[in-house]
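The block underneath contains the structure these notes are about, expressed in structure tokens.
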Amino acid sequence: MIASFKRVIIFITLVFVASGCVQVPRRASTSLPSEKAASPSAQAGDLAGEPQVEPDSISLPALAEKELDGNSLTLGKVLAGNSAYTRYYSTYNSGRFKISGIMNVPTGKGPFPVLILNHGHIDTAVYTNGRGLKREQDYLARRGYVVLHPDYRNHADSDKDPDDEYSLRFSYTEDVINAVLAVKNSGFSFVDPERIGMLGHSMGGGIAQNVMVAKPDLVKAFVLFAPVSSQYRDNFEKWVQRRAEIADVIIREHGTPESNPSFWDNVSPINFLDRVVAPVQIHHGTADQSVPLAWSQKLDDALERTGAEHQLYVYDGEPHEFINAWPLVMQRTVDFFDTQVKAQ
């Protein structure tokens, strides 16, 4: 089980010449904004409580209560192989949707610990099976992890869901939760259903945040690479509002953050971080032009308040997808998963 003690990393500026990475000091804690004390249904730690109003079906409280039953995980054709692992085409069921993906299975008897990898946003028009986090898929499988990388609905060969974008992509979160459940229900002798972790990049990091508050006992540890904001208003303002045809429908259905703050509070993980029980490690670059570093710092500060076990690593000059610091990022990631998942 997860260690009960809190681990906080205070960064001291160290220059890593070989990797081009700088580990910078952690920000001093600041008080959370007023969103923390919004509606009765959005109080931290009260996802499964009795709100004064019924939570919207698109909300973290509703997701926490929803019974999901991911199943029928299959290994299809072999896509590639090497001495360390075999790469398979894979599918599983997420509700009424069949989700495609890939699974890297290490060579050997097992059972092996499992990592679920949540990719970031890639236009579905160009996305192909297993396209996201390719470097990480290979790296982690070579270090003894079964890697399951779901494509999400509407991606690659997954079934199509015309309502997906209007649900604030909570459907992707359901697909990821169902991926974990499909592993647990698979009966595959080479997987250990009790040792599962999750890594998410960008949008996939936002999905992981939804999972860690809605289904806090589902996996043993989370790693977030440059995650989107834990306050969904930030994501809506940065990306969704640019797409008027999507934003108009969402606002018509749920109101604006100003006219219906309860809805926006209930889709924001930052309001429910008291639910987090699995340790969290965050990585972010100072030169990230896609997702502001401040969003990870805000999440780190909020986790500090809850007493959750967490780490934030900041990399000087690194972009949204790490380059020079990537080897160090991955070594820290593996060390973390080895401690929190593999050794459990």
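All of the numbers you see were taken from the coordinates with simple rules; none came from a lab. Predicted, not measured: the structure shown is a model, and the values here were computed from it. No Cβ is skipped: glycine too gets one built from the backbone with ideal geometry, and neighbour counts run over all protein chains shown.
Summary table below
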quantity	calculated
Farthest positive-ward along region 152-285 dipole, Cα basis, beta-carbon charges - from Tyr152, Ile250, Pro261	Tyr152
Long-range HN-HN contacts of Ser158 with modeled amide H, under 5 Å	Ser100
In region 70-101, chymotrypsin sites (Phe, Trp or Tyr not before Pro) in a DSSP loop with at most 10 other beta-carbon atoms within 10 Å	none
Ile122 paired with Arg305, simple spin-label distance in nm, labels 7 Å along Cα-to-beta-carbon	3.6
Per-residue Cβ neighbour rank within 10 angstrom, fewest leading, Ile196, Ile116, Ile251	Ile251, Ile196, Ile116
Using a Förster distance of 51 Å, the FRET efficiency for Glu258-Ser83 (Cβ separation, nearest 0.05)	0.30
Karplus-derived HN-Hα couplings along region 327-334 (A = 6.51, B = -1.76, C = 1.60, θ = phi - 60°), whole Hz, x at Gly and Pro	x, 5, 4, 6, 5, 5, 5, 5
Simple label model, 7 Å out from Cα along Cβ direction - Leu75 to Ala244, nm	5.2
Of Lys77/Lys160; Lys134/Lys342; Lys220/Lys298; Lys215/Lys342; Lys109/Lys160, those spanning more than 30 Å from alpha-carbon to alpha-carbon	Lys109/Lys160
FRET efficiency for Glu67 and Thr107, using Cβ-Cβ distance with R0 set to 41 Å, rounded to 0.05	0.65
Residues whose placed amide H lies under 5 Å from that of Ile196, excluding near-sequence neighbours	Val114, Lys220
Cβ-based net charge around Glu165, under 10 Å, with every Lys or Arg adding one and every Asp or Glu removing one	-2
Proximal aspartates and glutamates to Lys98, defined as alpha-carbon separation beneath 17 angstrom and excluding residues fewer than eight positions away on the same chain	Asp69, Asp151, Asp157, Asp159, Asp161, Asp163, Asp164, Glu174, Asp175
Extension gain from His320 to Ser189, taking 0.36 nm per residue of separation minus the Cα-Cα distance	43.5 nm
Length added when fully stretched, Gln289-Asp157, from 0.36 nm per residue minus Cα-Cα	44.5 nm
